[in-house]
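Asker: This is the structure I want to talk about, given as structure tokens.
No value in this document is a laboratory result; all are computed from the given coordinates. Computed from a predicted structure; not experimentally measured. FYI the Cβ positions are ideal-geometry reconstructions off the backbone, even for glycines, and counts take in every protein chain you see.
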Amino acid sequence: MTTSQPGTGINELLAQARSRLERLAAREAWREVRSGEAWLVDIRPAAQRAEEGEVAPGLSPLVVERNVLEWRFDPRQEVALPGVDFDTRVIVLCQEGYTSSLAADALRSLGLERATDVVGGFAAWRGEGLPVARRAHRIGA
């Protein structure tokens with residue numbers, strides 16, 4: 001007996017999201033963030049950041065956990081971060097570059113057409129020898 005599977009599987013959702021993004025290599029993201037062209041947003045949970053490390057605070061990374069990301073980056077919301085507008089360049093970072101693709105695509109759906117993510121996530125960032133530390137600036141819920 002064959003059962004039909006409702007909805008779209010996560011692999012297809014991920015592929016669709018990535019088809020709408022111009023994803024960045026870790027060094028490209030670092031250059032944009034260092035030059036002030038983009039905001040780097042780490043969406044990893046606190047436990048993962050504590051275990052794996054964080055982007056160095058000198059680059060002013062923002063920590064906005066995934067469950068509040070859309071509210072913090074939708075300029076129409078009262079709880080949006082100061083300075084966010086539809087032209088803000090947002091580079092989303094997760095541990096390995098999967099969740100960040102879905103998150104960046106969600107931001108694009110809100111109208112932030114310049115949102116993207118890092119191929120390979122924080123693991124690629126750290127692997128490239130880019131600046132890391134143990135703590136980053138946290139934006140509360």
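Asker: For VAL132, what residues show an amide H to amide H distance below 5 Å, using hydrogens built from the backbone and excluding near sequence neighbours?
Answerer: Here ALA56 satisfy the definition.
Asker: Less than 17 Å from a label point 7 Å out along the Cα-to-Cβ axis of GLN5: which backbone N atoms in segment 68-105 qualify, by residue?
Answerer: Counting only backbone N, you get no residues.
Asker: Also, I was wondering about something else. For the ranges 13-20, 102-109, what's the packing order if you count other beta-carbon atoms within 10 Å of each residue, average per peptide, and put the highest first?
Answerer: 102-109, 13-20
Asker: Separate question: At SER19 and GLU128, where each label point lies 7 Å from the Cα along Cα→Cβ, what is the point-to-point distance in nanometres?
Answerer: The answer from the label model is 2.7 nm.
Asker: Another one. Give the distance, in whole Å, between the Cα centre of segment 1-34 and the Cα centre of segment 63-79.
Answerer: If we compute the Cα centre of each part, the gap is 20 Å.
Asker: Would you calculate, for the chain, the mean residue ellipticity at 222 nm contributed by helices, counting each DSSP H stretch of 4 or more residues as -39,500 (n - 2.57) and dividing by all residues, to the nearest 500?
Answerer: -9500 deg cm²/dmol
Asker: With +1 assigned to the C-beta of every Lys and Arg and -1 to the C-beta of every Asp and Glu, and no other charges, what is the dipole magnitude of the chain about the Cα centre in debye, to the nearest 20?
Answerer: I would put it at about 260 debye.
Asker: Also: Once phi is turned into θ = phi - 60°, what whole-Hz ³J(HN,Hα) does the Karplus curve with 6.51, -1.76 and 1.60 give for every residue of segment 108-114, x standing for Gly and Pro?
Answerer: 4, 5, 6, x, 8, 5, 9
Asker: Can you compute 3J(HN,Hα) from phi for each residue in segment 57-72, using the Karplus curve 6.51 cos²θ - 1.76 cosθ + 1.60 with θ = phi - 60°, rounded to whole Hz and x for Gly and Pro?
Answerer: x, x, 8, 6, x, 9, 9, 10, 4, 3, 5, 10, 3, 4, 5, 6
Asker: Related question: Could you list the square roots of 5 times each eigenvalue of the Cα gyration tensor of the chain, that is, the equivalent ellipsoid semi-axes, sorted largest first and rounded to whole Å?
Answerer: Over the Cα atoms of the chain, the semi-axes work out to 25, 19, 15 Å.
Asker: Semi-axes of segment 62-141's equivalent ellipsoid from the Cα gyration tensor, sqrt of 5 times each eigenvalue, largest first, rounded to whole Å?
Answerer: Sorted largest first and rounded, they come to 22, 15, 10 Å.
Asker: Please compute the contact order of segment 55-141 in relative form: average sequence separation of alpha-carbon pairs under 8 Å and at least six residues apart, divided by the residue count, as a percent.
Answerer: 40 percent
Asker: Once you charge only the Cβ atoms, +1 for Lys and Arg and -1 for Asp and Glu, what is the size of the charge dipole of segment 1-71 about its Cα centre, to the nearest 20 debye?
Answerer: Taking the Cα centre of segment 1-71 as origin, the dipole is about 140 debye.
Asker: Can I ask one more? Using label points projected 7 Å from each Cα along Cα→Cβ, tell me how many nm separate ARG27 and LEU59, to one decimal.
Answerer: 1.4 nm
Asker: Counting other C-beta atoms within 10 Å, and keeping those with at most 15, which DSSP coil GluC sites (Glu not before Pro) do you find in segment 5-63?
Answerer: Qualifying residues, ordered by number: GLU22, GLU37.
Asker: Compute the normalised compactness of segment 5-63: alpha-carbon radius of gyration over 2.2 N^0.38 Å, N being the residue count.
Answerer: Taking N as the residue count of segment 5-63, the ratio is 1.45.
Asker: Only sites in a loop by DSSP and with at most 14 other Cβ atoms within 10 Å count here; which chymotrypsin sites (Phe, Trp or Tyr not before Pro) in segment 31-89 make the cut?
Answerer: Those that pass, being in a loop and sparsely packed, are PHE86.
Asker: Amide H neighbours of ALA115 under 5 Å, at least 5 residues apart or on other chains, H built in the peptide plane: list them.
Answerer: So ALA115 has HN proximity to VAL90.
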